[in-house]
1. With the condition kept exactly as written, say whether any residue in segment 39-56 is under 29 Å from LEU149 (Cβ atoms), out of contact with any Gly (no Cβ under 6 Å at 6 or more places or on another chain) and part of a helix (DSSP H, G or I).
2. Can you find a residue that is over 20 Å from the mean Cα position of the chain (by Cα) and more than 10 Å from the ligand (Cβ to nearest atom) anywhere in segment 173-192?
3. Can we say VAL316 is farther than 30 Å from GLY463 by Cα, touching a residue at least 40 places away in the same chain (Cβ under 8 Å) and either within 16 Å of the ligand (Cβ to nearest atom) or in a helix (DSSP H, G or I) (or both)?
4. List the pairs whose first member sits in segment 321-336 and is at positive phi, whose second member is among the hydrophobic types (A, V, I, L, M, F, W, C), and whose Cβ atoms are under 6 Å apart, counting only residues at least 6 apart or on separate chains?
5. Filter segment 242-289 down to the residues that are surrounded by fewer than 21 Cβ atoms within 10 Å (Cβ to Cβ) and assigned to a strand (DSSP E or B) and list them by number.
6. Which is at pLDDT 95 or above and not in a loop (DSSP other than H, G, I, E, B), of LEU81, LEU92?
7. Could you tell me which numbered condition MET433 fails, if it satisfies all but one of (1) loosely packed, with under 15 Cβ neighbours inside 10 Å; (2) in contact (Cβ under 8 Å) with a residue 40 or more places away in the chain?
8. From the residues in segment 445-463 that are buried (at least 21 other Cβ atoms within 10 Å of the Cβ) and not hydroxyl-bearing (Ser, Thr, Tyr), which one is farthest from GLN299 (Cα to Cα)?
Amino acid sequence: MGMSENGINFNLIVFGGDGDLACRKIYPAIYHRIREGQFSASSNIVAVSRNQYTADEFHSILEKNITKHVENVDPKIMKDLFSMTEYISADLTQQSEYKSIKESILSKNIKNTIFYFSTPSSLFLSISESLKANDMIHDEVKIVLEKPLGHDLASFEKLNSGIRKYFKEKQIFRIDHYLGKETVQNLMVLRFANHIFELAWNANYIDNVQITVAESIGVEQRKNYYDQYGALKDMVQNHLLQLLCLVAMEPPAKLNAHNVRDEKLKVLKAVRKYDKKSIQKNFVRAQYTRGEVNGVQMQSYQEDIDRFDSTTETFVAMKVDIDNWRWAGVPFYLRTGKRMTERYSEIVINFKRVPHNVFPSKKKIHRNKLIIRLQPEESIQLVQMAKEPGPGGYRYKPVSLELDYADSFDDYLPDAYERLLADVVRGIQTLFMREDELRAAWEWTHSILDNMEATELDFYKAGTMGTGDKILNGDHYWHKNNTKK
Ligand code: BG6
């Protein structure tokens, strides 16, 4: 047995067990958690899919993927993984095909059982039904659901109520992998473990907030999925709204699942919905055309997906108002897109200008900015005005106080899936979405979907930052990415 026999023991059944997500994220995450001693190497992992692999064939798939996604693989842990993992071929739509999965679980005498639904969501209901029919659901069973959970409110409700027939809310772990990112969790520490920021964290001192999630990749292998979803449903309805919640929510009384999710829900309910008129001013959607990303010539979106009448948006930007005391009058600008200049995500808090300029030159005094960089590297910059050295009156300019996390912590930064999987195994739901949060997120998203026709599709060149300037108020401008690269 491995070095981690004291870690947590569990059954993990991965439906879609040879899929991209399982290979890229789930198995590497398990590897790391075993290495850290958190997961016991006597746990039981069952990969299920329709293919017919022998045990050896599946082990070589596992080995290939671990080697691809993990640095300096420890052969000992690789061996542990092999001995923990079993491959079962099954057609998940056939209830009779769950028997060998059940036998595998029963043979281990481990109660803590996780069914990971890493399949298209069209299979979620039949998997749930089959688990029930085979008497495989008990109180210590948890399920993990990957997005997309529906493509609108009605399909979400249908899927959710179908699943809720078989599972209690406390058994359901709905993943938004942004919540598992170390840097996103750090938002809570930044806000709730530092007094100075929280004092000014409201409409009295903050002028506007910007959230940018820019990607340089295109739609890769997911053409059909993406063309049906588009940037709004793929990124905003989930990831960007979650980031917005973490920036805007009230401090929870305790950092537990119940309190944190209650506070996020209040924000989601206070986000103003759009109507036919307001959407024209406050929302833009666009699709990329040919252009150059990092020196490489790229095709247009339509060429990428080979559909020349597609009106799917690959970029959206919007001005969001939050109607509550803390945020009244403070615009939150959100933007995200594919094939943008480069991959980076950041949250920029723009503070209000000083009320009066005492300096004789009357030169413009820039706003203080707090720039929270989430990826690819993590840093926090506080931009402040400073005097330029030397005689000749007061000359000043913005300079930045910078905290680069890589300089302060040399620990390896775990992938989001490691943290999320560890929380599922331990039954901690704080970083997972509750059904009422998703419902509220869909309700707000509908105010865009239902009024989309009042807006026009714009186009932007691949390798640019999209068309988000159109929604900015007065003297606002998007913060320019200034990585040191
Ligand atoms: C996924 C979206 O949820 O998030 C993808 O479906 C997107 O389209 C991805 O590329 C971005 O995640 P990350 O972790 O690379 O920022």
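The values are calculated or read from the model by the stated rules, or taken from the named source; none is laboratory data. Everything numeric here is computed off the predicted structure, so don't read it as measured data. Glycine also receives a Cβ, built like all others from the backbone with ideal geometry; neighbour counts cover every protein chain displayed.
1. Within segment 39-56 (the criterion being under 29 Å from LEU149 (Cβ atoms), out of contact with any Gly (no Cβ under 6 Å at 6 or more places or on another chain) and part of a helix (DSSP H, G or I)), the answer is no, since none of the residues qualifies.
2. Here is the first cut: in segment 173-192, the residues over 20 Å from the mean Cα position of the chain (by Cα) are 192.
Pick out the ones that are also more than 10 Å from the ligand (Cβ to nearest atom) and you get 192.
Yes: segment 173-192 contains one or more residues that are over 20 Å from the mean Cα position of the chain (by Cα) and more than 10 Å from the ligand (Cβ to nearest atom).
3. Against the criterion (farther than 30 Å from GLY463 by Cα, touching a residue at least 40 places away in the same chain (Cβ under 8 Å) and either within 16 Å of the ligand (Cβ to nearest atom) or in a helix (DSSP H, G or I) (or both)), VAL316 does not qualify.
4. Listed by first residue and then by second, the contacts come to GLY329/ALA203.
5. Matches in segment 242-289: THR289 only.
6. Numbers: LEU92 fails: not in a loop (DSSP other than H, G, I, E, B).
Only one candidate passes the filter, namely LEU81.
7. Of (1) loosely packed, with under 15 Cβ neighbours inside 10 Å; (2) in contact (Cβ under 8 Å) with a residue 40 or more places away in the chain, only one is false for MET433: (1).
8. My answer is ILE448.
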